[in-house]
1. Restricting attention to region 32-55, report how many residues are surrounded by 12 or more Cβ atoms within 10 Å (Cβ to Cβ), part of a loop (DSSP other than H, G, I, E, B) and modelled with pLDDT of 80 or more.
2. Hey, among 141, 116, 126, which residue is loosely packed, with under 13 Cβ neighbours inside 10 Å and in a strand (DSSP E or B)?
3. Residue 189 fails exactly one of the following numbered conditions: (1) closer than 30 Å to residue 90 by Cα; (2) crowded, with 16+ Cβ neighbours inside 10 Å; (3) at pLDDT below 85. What is the number of that condition?
């Protein structure tokens, strides 16, 4: 029910049961005017369209906004994403497993050696030309600086051009299998068939996996 102050014309909304049939005294909260308010007859609403008995689909070409539906993610894609995440986790664990307790056994299963404490000394590398062919002479020592016995890994040799392109890769297999604390082994080796454009030689300790995970 809407009532209007006769003085300031301010309108107020009241529930229908607030004004009894005989009327009641009310006071305007804005201007303070008092009057006897009689029930206000409700206006009959006209031209009201009743709700449809059934809902009809929106015709094609209508100007109503459309809702873009997202295609559901297939199970195959979910499995692929999960597999990739697991592989990344395993790779991270392999790269750092020397720092994880209890992973020493896994190193042995994979054939990877604990290389900490092994170092080179007195390395001398020379490229020689014999009958229009080049050979690489590698001399030096592999030393065990640790306080425990170390297995001797292969020595990986990489010959590089001036532009750092790989010209040759070669593994030197040493004649002994272990080195005690403070012991060393000589690296005399001649590598034939290298390219004449070889300008740099890189030595590394261990196999490919060991160098990758180091």
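The values are calculated or read from the model by the stated rules, or taken from the named source; none is laboratory data. Given the structure is predicted, the values throughout are model-derived calculations rather than measurements. Note: ideal-geometry Cβ built from the backbone for every residue, glycine included; neighbour counts use all protein chains shown.
1. Number satisfying all stated conditions: 3.
2. Selected residue: 126, the only one of 141, 116, 126 that is loosely packed, with under 13 Cβ neighbours inside 10 Å and in a strand (DSSP E or B).
3. (1)
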